[in-house]
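Below is one structure, written out as structure tokens; the observations come after it.
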Amino acid sequence: MFTPKYAITNILLGNIKRINSLVFNLNNRRFPNVVLARLENAAREISSYASTSIEGNPLPLTEVKKILKSTPAHIRDSEKEVLNYNLALGKLNKKIGLGKVSFSLGLILGIHKQVMDGLLPDFEIGVLRQKPVVVHNPITGQIIYLPPDAKDVRPLIDDLVDFVKNNKQIVDPLILAGIFHKQFVLIHPFIDGNGRTTRLATKVLLAQMGLNTFKLFSFENYYNQNVTRYFETVGEKGNYYDLANQVNFSTWLEYFSEGIIDELLRVQKTLPDVEAGPSSELQEHQQKILEFIREKGFIKNSDYAKITNRAKATRALDFQKLISLGLIVRKGKGKATYYIC
């Protein structure tokens with residue numbers, strides 16, 4: 001049975017109290033959904049950039065923004081990594097908003113399948129690894145960590161998922177999310193894509209703890225600001241079997257909670273001092289346009305006609321309103337016209 005070692009230090013306790021205060025204040029403010037839509041797009045761009053950058057993706061944020069707005073004709077692996085992460089994040093956002101996310105091994109495997117689609121052979125995506133892996137120092141190339149054997153991965157992951165489920169009403173949700181994050185990295189259950197899968201699964205746990213600012217939240221950005229410190233804190237050096245009963249999660253939990261505070265302060269600073277009102281709210285049918293684009297990458301008038309009962313003239317006005325608000329961009333001409341975020 002997985003029984004993590006950690007202490008609720010004064011630093012960790014202070015961080016938890018501050019996070020609860022920040023979350024409470026943010027969740028009790030109401031903003032125009034036009035504003036929130038813009039901020040959500042920005043957060044997804046930052047998350048997709050930061051989480052892939054942590055793993056060595058060379059694309060700068062400016063290039064990531066271009067890719068997410070207009071998918072290249074011939075996609076390189078570096079671009080595929082960004083597009084996959086953005087799509088996975090968008091799907092999770094939608095499921096969480098609908099209350100349809102249940103934390104499970106199936107959810108984790110689904111995240112990995114989306115993140116690594118087209119980047120690994122089909123038989124290695126969305127499944128736990130069947131081969132040994134090692135972790136290298138990205139600078140020297142030396143082996144610094146030996147994860148558990150493939151035969152032990154499934155029972156270790158099952159044990160971790162059970163720990164999360166069984167302690168939801170016992171352990172502070174922030175601590176629970178942090179413990180999951182580090183232990184998952186140590187188990188290293190996939191051939192590749194472990195970090196990206198971990199960070200998305202951790203976001204689900206943070207959202208379930210009541211962090212309703214999830215769509216505006218990009219805690220990957222904090223890790224990307226000092227990748228070396230992130231890897232040193234979340235990882236360990238040596239052989240898993242020598243370390244398993246010695247790992248202390250305390251330092252990581254302090255660092256993990258500091259990152260949450262940093263990102264919440266960024267979100268707080270970004271949100272404008274404006275309250276929502278009837279004139280600033282998008283209508284449900286207009287929000288459907290944005291949701292469709294986030295899921296499919298673009299929308300045509302014919303697509304919009306299938307998901308709404310709006311007449312052709314009013315559909316055109318809907319597109320025009322979103323264009324004027326800077327939420328979508330028109331591409332193509334005539335029958336080839338389509339819209340992207």
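Take the conditions (1) assigned to a helix (DSSP H, G or I); (2) at pLDDT 90 or above; (3) surrounded by fewer than 23 Cβ atoms within 10 Å (Cβ to Cβ); residue 246 misses just one of them, which is (1).
Assess whether residue 221 counts as being more than 29 Å from residue 119 (Cβ to Cβ) and not aromatic (Phe, Trp, Tyr). No, not satisfied. Note on the range 76-135: residues that are without any contact (Cβ under 8 Å) to a residue 24 or more places away in the chain and in contact with a strand residue (DSSP E or B) (Cβ under 7 Å, 6 or more places away or on another chain) amount to 1.
Residue 84: surrounded by 19 or more Cβ atoms within 10 Å (Cβ to Cβ), among the polar types (S, T, N, Q) and at pLDDT below 85, yes or no?
Details: surrounded by 19 or more Cβ atoms within 10 Å (Cβ to Cβ): yes; among the polar types (S, T, N, Q): yes; at pLDDT below 85: no.
In short, no.
Is it true that some residue in the range 93-102 is closer than 18 Å to residue 198 by Cα, more than 20 Å from the chain's Cα centre (by Cα) and of a type in the set (Ser, Thr, Tyr)? Quick ask: steps written out before the conclusion?
Of the range 93-102, the ones closer than 18 Å to residue 198 by Cα are 93, 95-96, 101-102.
Still in the running and more than 20 Å from the chain's Cα centre (by Cα): none.
Checking the range 93-102: not a single residue is closer than 18 Å to residue 198 by Cα, more than 20 Å from the chain's Cα centre (by Cα) and of a type in the set (Ser, Thr, Tyr).
For residue 73, state whether it is among the small types (Gly, Ala, Ser), at pLDDT below 85 and not in a loop (DSSP other than H, G, I, E, B). The answer is no for residue 73.
Quick one: is residue 64 of a type outside the set (Gly, Ala, Ser), surrounded by 15 or more Cβ atoms within 10 Å (Cβ to Cβ) and part of a loop (DSSP other than H, G, I, E, B)? Before you say what the answer is, go through the steps one by one.
Details: of a type outside the set (Gly, Ala, Ser): yes; surrounded by 15 or more Cβ atoms within 10 Å (Cβ to Cβ): yes; part of a loop (DSSP other than H, G, I, E, B): no.
No; evaluated as a whole, the condition is false for this residue.
Within the range 67-81, the set of residues being touching a Lys or Arg at 6+ places or on another chain (Cβ under 9 Å) and surrounded by 18 or more Cβ atoms within 10 Å (Cβ to Cβ) comprises 68, 81.
The values are calculated or read from the model by the stated rules, or taken from the named source; none is laboratory data. Keep in mind that this is a model prediction, so the values were computed, not measured. A quick note on method: Cβ atoms are made from the backbone with ideal geometry, for glycine too, and the neighbour counts reach across all protein chains shown.
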